[in-house]
Amino acid sequence: MGVSRVRKNGTDSGLDSNRSVASSTPGLAGTGHGDARGRVDNGNRRREGSAGYKTGFVEGEYQDAGIRGLCCVFGRRGSGKTTRAKWLVRGARRIVVFDPMACCSDLKFQIVSQPGALRKILAGAGKKGVIHVVYQPKGGDLVEHWEHVAWMCIAAANLILMCDEVDSICSSGSAKDSNSDYWKKFKRKPALDHIVNFGRHAPVAFLGISRAPQDVWRRLRGQSERMLVFSMDDDLEMDALRSRLGRQVEQLPGLGKYQYLDWRDDGSVSIEGGKL
Ligand SMILES: Nc1ncnc2c1ncn2[C@@H]1O[C@H](COP(=O)(O)OP(=O)(O)OP(=O)(O)O)[C@@H](O)[C@H]1O
Ligand SMILES: [Mg+2]
């Protein structure tokens, strides 16, 4: 599937009719792209050796930087989710960050806010070129932005798609946001559905971030092979994770500042993180 198949509908005309967006956060120490691969500088990295990462199709999933297949980052607000996610992907070769709250400008990637601009970058990079893009919608329907971005990424392939505030583009029972007007107008398959079920074949890796696991599509939670979960003590949020993490959820209320439970579906779990 070539980039030429990237959808063009409505892309250049702009989707900014009626949304506003928060301003971006300033710099992120220690996450410059230059030190991205293989620097073990603060004990935060585990199992991700100084030789760097393999990039490509690894053990049946697309991998780049610290991300392989489907991953989620959960935690209370301000717990450090976005910061840690940026830290994990900072060495990625091909990545698109969907950044509705404009919190990822400090990645120093190219920032775009319209599907047409993203389409040009993806087409220019082809199947092998470097892609470093942060997509920050400035207005319009958030779900419409997401659907354009995500389907273009699926078509481009061989990249990480990171989605901050993933609960704003889906619901607990569906890959669609149930409140979105977009789904009243369009009958197409949601991009998140395709990513969770078939992203492995694109191949695309996905990193979703949310403070409310109970509001995130349960199939995404159910299929994720890795979850980074920061401190939380709300029973409903913890219950949403119990079917995957089991008794490990009991550790969540006791996690320290910026610490997270690094859970993988191979049965390994450890407490990681801390101040960057
Ligand atoms: N590991 C860390 N070390 C030092 N400072 C951190 C760390 N993680 C986050 N911070 C700081 O804490 C603040 C909140 O971080 P961040 O925005 O990543 O939280 P969040 O969980 O994504 O919040 P939200 O729920 O609002 O999206 C930021 O100012 C960030 O710089
Ligand atoms: Mg955040």
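The values are calculated or read from the model by the stated rules, or taken from the named source; none is laboratory data. Predicted, not measured: the structure shown is a model, and the values here were computed from it. Using ideal geometry, Cβ is built from the backbone for each residue, glycine included, and neighbour counts are taken over all protein chains shown.
Among the candidates 261, 236, 228, 276, single out the residue that is within 16 Å of ligand 2 (Cβ to nearest atom), on the phi < 0 side of the Ramachandran plot and at pLDDT 95 or above.
On the way: 261 fails: within 16 Å of ligand 2 (Cβ to nearest atom); 236 fails: within 16 Å of ligand 2 (Cβ to nearest atom); 276 fails: at pLDDT 95 or above.
Exactly one residue qualifies, and that residue is 228.
Tell me, which residue of region 73-99 that is touching a helix residue (DSSP H, G or I) at 6+ places or on another chain (Cβ under 9 Å) and among the basic types (Lys, Arg) is nearest to residue 216 (Cα to Cα)?
That would be 76.
The rows are residues; the columns are (1) over 28 Å from residue 189 (Cα atoms); (2) among the aliphatic types (A, V, I, L, M); (3) in contact with a His (Cβ under 6 Å, 6 or more places away or on another chain).
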| position | (1), (2), (3) |
| --- | --- |
| 87 | yes, no, no |
| 99 | no, no, no |
| 111 | no, yes, no |
| 119 | no, no, no |
| 127 | no, no, no |
| 130 | yes, yes, no |
| 134 | no, yes, no |
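Only one of 209, 271 is in contact with a Leu (Cβ under 7 Å, 6 or more places away or on another chain) and assigned to a strand (DSSP E or B); which? Walk me through it before giving the result.
Numbers: 209 fails: in contact with a Leu (Cβ under 7 Å, 6 or more places away or on another chain).
Selected residue: 271, the only one of 209, 271 that is in contact with a Leu (Cβ under 7 Å, 6 or more places away or on another chain) and assigned to a strand (DSSP E or B).
Which condition breaks for residue 128 when tested against (1) surrounded by fewer than 19 Cβ atoms within 10 Å (Cβ to Cβ); (2) at pLDDT 95 or above?
The number of the failed condition is (2).
Among all residue pairs at least 6 apart or on different chains, which show Cβ distances below 8 Å where the first residue, located in region 100-129, is without any contact (Cβ under 8 Å) to a residue 24 or more places away in the chain and farther than 24 Å from residue 56 by Cα and the second is more than 16 Å from ligand 1 (Cβ to nearest atom) and of a type in the set (Phe, Trp, Tyr)?
That search, which allows pairs on different chains as well, returns nothing.
Which one is farthest from ligand 2 (Cβ to nearest atom) among residues in region 71-81 that are over 20 Å from residue 204 (Cα atoms) and within 12 Å of the chain's Cα centre (by Cα)? If you could, list the steps in order and put the result at the bottom.
Residues of region 71-81 that are over 20 Å from residue 204 (Cα atoms), as a first pass: 74-81.
Remaining after also requiring within 12 Å of the chain's Cα centre (by Cα): 74, 81.
Values: 74: 11, 81: 5 Å.
It comes out as 74.
Of all residues in region 57-70, which are closer than 15 Å to residue 227 by Cα and either part of a strand (DSSP E or B) or within 16 Å of ligand 2 (Cβ to nearest atom) (or both)? Walk me through how you get there before you give the answer.
Filtering region 57-70 down to residues closer than 15 Å to residue 227 by Cα leaves 66-70.
The answer is 67, 68, 70.
Any residue at all in region 180-188 that is at pLDDT 95 or above, touching a helix residue (DSSP H, G or I) at 6+ places or on another chain (Cβ under 6 Å) and small (Gly, Ala, Ser)?
For region 180-188, residues at pLDDT 95 or above, touching a helix residue (DSSP H, G or I) at 6+ places or on another chain (Cβ under 6 Å) and small (Gly, Ala, Ser): absent.
Any idea how many residues of region 212-249 are in contact with a helix residue (DSSP H, G or I) (Cβ under 6 Å, 6 or more places away or on another chain) and in a helix (DSSP H, G or I)?
Total satisfying the criteria: 13.
Yes/no per residue for (1) hydroxyl-bearing (Ser, Thr, Tyr); (2) free of Cβ contacts under 8 Å to residues at least 40 places away in the same chain; (3) within 16 Å of ligand 1 (Cβ to nearest atom):
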| site | (1), (2), (3) |
| --- | --- |
| 219 | no, no, no |
| 228 | no, no, yes |
| 243 | yes, yes, no |
| 247 | no, yes, no |
| 252 | no, yes, yes |
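Please give the number of the condition residue 275 fails out of (1) over 22 Å from residue 104 (Cα atoms); (2) surrounded by fewer than 18 Cβ atoms within 10 Å (Cβ to Cβ); (3) charged (D, E, K, R).
All conditions are met except number (1).
When you scan region 71-176 for helices (runs of 4 or more DSSP H) that lie fully inside it, which ones turn up with 3 or more residues that are away from ligand 1 (no atom under 13 Å from the Cβ) and aliphatic (A, V, I, L, M)? It would help to see each step written out before you state the result.
Working: elements: 81-89, 115-125, 142-156.
The qualifying helices (runs of 4 or more DSSP H) are 115-125, 142-156.
Can you pull out the residues in region 188-213 that are within 15 Å of ligand 1 (Cβ to nearest atom) and not aliphatic (A, V, I, L, M)?
From region 188-213, those within 15 Å of ligand 1 (Cβ to nearest atom) are 207-213; that's our starting set.
Matches in region 188-213: 208, 210, 211, 213.
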